[in-house]
Each structure stands twice: as structure tokens, then as C-alpha cells.
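The values are calculated or read from the model by the stated rules, or taken from the named source; none is laboratory data. Fair warning: this is a prediction, and the values are worked out from it, not measured in the lab. Here the Cβ positions follow ideal geometry from the backbone for every residue, glycine too, while neighbour counts run over all protein chains shown. What goes into the accessible areas is simple: the full protein's heavy atoms, side chains included, and nothing from ligands, DNA or RNA. Shrake-Rupley method; radii C 1.70, N 1.55, O 1.52, S 1.80 Å.
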Amino acid sequence: MNKHTNLLREWYERYSSDPQVVILGVLLVTGFLIMLTLGKMLAPVLAGVVIAYLLDGLVEKCQQLGAPRMSAVVLVFILFMTVFIFILLWLLPRLSYQLTQLVQELPRMVVKGHELLLTLPEKYPHLFTEAQVGDIIAEIRADITAWGQRVLSLSLPAVFGLMSMMVYLILVPVLAFFFLKDKHSIMEWFSTSLPKQRRLVDEVAHDVNSQVANYVRGKVWEIFIVGAASYATFSLMGLNFALLLASIVGLSVIIPYIGAAVATLPVALIAWFQWGWSADFGWLIFAYGVLQALDGYLLVPLLFSEVVNLHPVAIIIAILVFGGLWGFWGVFFAIPLATLVNAVLHAWPDKDKDGDDLPGASESSASV
């Protein structure tokens, strides 16, 4: 016990004596506490920062072409507002309409699924019994009932959520514009608030920015491209609820590995309820598989010039942890946040190699 205590004390004394480590640790802990305690209150501000961060790449491209900063900001912001109004006035109403249609179709789908389940004991008597099928049907009915009650219970809070959303729809674009416009002033103010000796902080910030900027902007493009390609494919093949399913497929790319598998289920179920075991169903699944393959082997390498070097297990753990903390935005930024952790670990001083840089390192070596 004493040995472990001495090791912990030695580790604390060695790292706490390095001001670079202390500054980085304080900033990380402060940022985490702010997000954990004030995340919901600061949601519009954080959303504005995210949008400004996404648009800043286009602003810099315009500046490289010779446009003044203010002109580039106005041009990019007008483009953003055009897309934003298109989504608000065209896409969302159609998604709502198709979702309502899907809910109305659910009873018919449940009946068809019920009939399919009843035929399982006859076709596969060694695998399914009537009692097992009855239990499955009872569980499905219970899940559907619970889902319906949950939707009804959310109807009243949804009214207040709609009011908050209306405020966000006005506040977030305004904040994003000012973050874009006054980027350099804000960064200069933030820089002057930090200690001058912050080499480790600058190193981590540079590493994270170079990877996260590429990842986040590339991910937004991937959502739009995959969603548009899926909508074109589903519409040409005559699949019901094409826009709704394409939106699900587009958003599924946010979650690596898991998203594609989850999005496959509603696509396959809707196609089966529409066509059954037919050639149309087979061609739809084939086309969907081609889309996923093109996304994984062509689109992703083109969009992400700097690949985030994280193990798949680390990515899944990051999605579970940050998604549990901050919901959708936690899932969306799970990989950037994991990249931050990875950058900190790589930039963390190696005391065994750089022990001479620490105050009192020579004395420690002499004593050993």
C-alpha cells in the first residue's frame, strides 16, 4: 500500500512541478466542468460556435481568392442562410408529412408482420413453436403500446420545446455571424487571457484543430452527399418514404460502424413491407449496399485528407461516453473529443525521456 502511495505521490510531484502540464490540466478541467454544468444553458452559444467553425473554412477559401474578410463573411453567411431556410421551409415539412404517413401505416405493417410470424412454426417446426411465436407477438405489441404512450407523454413538453426552438432559430444564426465576423478579435482576447508560457496548450490546440477541422467539415459534406444520393436512389426505385429514409441514411454517417447497420434496418423493413421477397426488394438492397460501399471506400478517403488515427474500439467507447453526456451533439463530436484526448496523450511530456527538463530532475537522478 505504501509503495503505491509513494508512486502516486512521486507522479503528482513530478508533473505538478511542470507549469505547462498544470496550465493544460486546468484548461481541460475547466472546459469539461463548464460543458457538464452549463452545457444546456449555453447550447445556443455552442451551436453558434460550431456553425461558425464549419463556415470559417469557406470564408478562408474566399479570402485566398482575394475577397476581403468582411465580404467573404457576408457571402458565406448568405449562402448558409439560404440552405438553412431551404431545410426549414422545404425539407422539414416533407419529413414531418412522411413521418405522419409512416405512423399511419404502422398498423398495416404490424398485421403483415403478425401473419409472417404465424407461418414460422409451419415452415420451420424445429426452430419455432406456436408458444414461442405467441410470446414474440405479445412482446412486439407491448413495445408498440409503450412507444405510443411515450409519444403521447412527450406531446406537451414538445410544445415548450418548439418555443425554445423558435428562439434558437433566431439566436443561433446571429451568434454564428458575429463569431465569424469577429473571429480574430475573439481569438486575440482569448489568447491574452492565457499565460504566455503555454507551449503544450498550443501544441495540443494545433494538433486538434488540424484534424477536427477536416473531420467536422468533411462529415457535414458526407451527410449531404450520402443523403442526396440515397434520396435519388430510393426515389428512382419507387421506395415509399424515400425522403425520410434518405435523411436517416445521411445522418447515420455521424456514427461510424454502428450508424450504417442501424440505418439498414428501417430501409430493409420498409422495402420488405412494400414489395415482399421480390426482385424489387433485392435490387433495392443491392443498390443500398453499393451506396454504403461507395461511401466507405471512395467518399470518405476523398473528404478526409487527414484520417483521424483512432482505434475502432476507442471510437465506439467515445460515442457511448460523450453521447451519454451530451446526447446528439455528444455523438456528433465524439470523434473530435476523442481526438482531443488522443492529442493530449501524445503531447503529454515523457518524463522518462525528458526528465532533464523538469526542475530538480538532476537532484532526483543523483539521489537515485
Residue set W221, W272; condition aromatic (F, W, Y), part of a helix (DSSP H, G or I) and in contact (Cβ under 8 Å) with a residue 60 or more places away in the chain; output residue W221
What residue, of T30, T82, T5, T37, is at pLDDT 85 or above, open to solvent by 40 Å² or more (accessible area, probe 1.4 Å), hydroxyl-bearing (S, T, Y) and out of contact with any Asp or Glu (no Cβ under 7 Å at 6 or more places or on another chain)?
-> T82
Cβ-Cβ under 9 Å pairs, at least 6 apart or on other chains, segment 165-186 side on the phi > 0 side of the Ramachandran plot, far side assigned to a loop (DSSP other than H, G, I, E, B) and among the small types (G, A, S) | none
Where residues in segment 237-264 are farther than 18 Å from V220 by Cα and modelled with pLDDT under 90, which of them is most open to solvent (accessible area, probe 1.4 Å)?
-> V262
Regarding A213, is this residue at pLDDT 95 or above and surrounded by fewer than 18 Cβ atoms within 10 Å (Cβ to Cβ)?
-> no
Could you please find all residues in segment 244-269 being hydroxyl-bearing (S, T, Y) and in a helix (DSSP H, G or I)?
-> S247, S252, T264
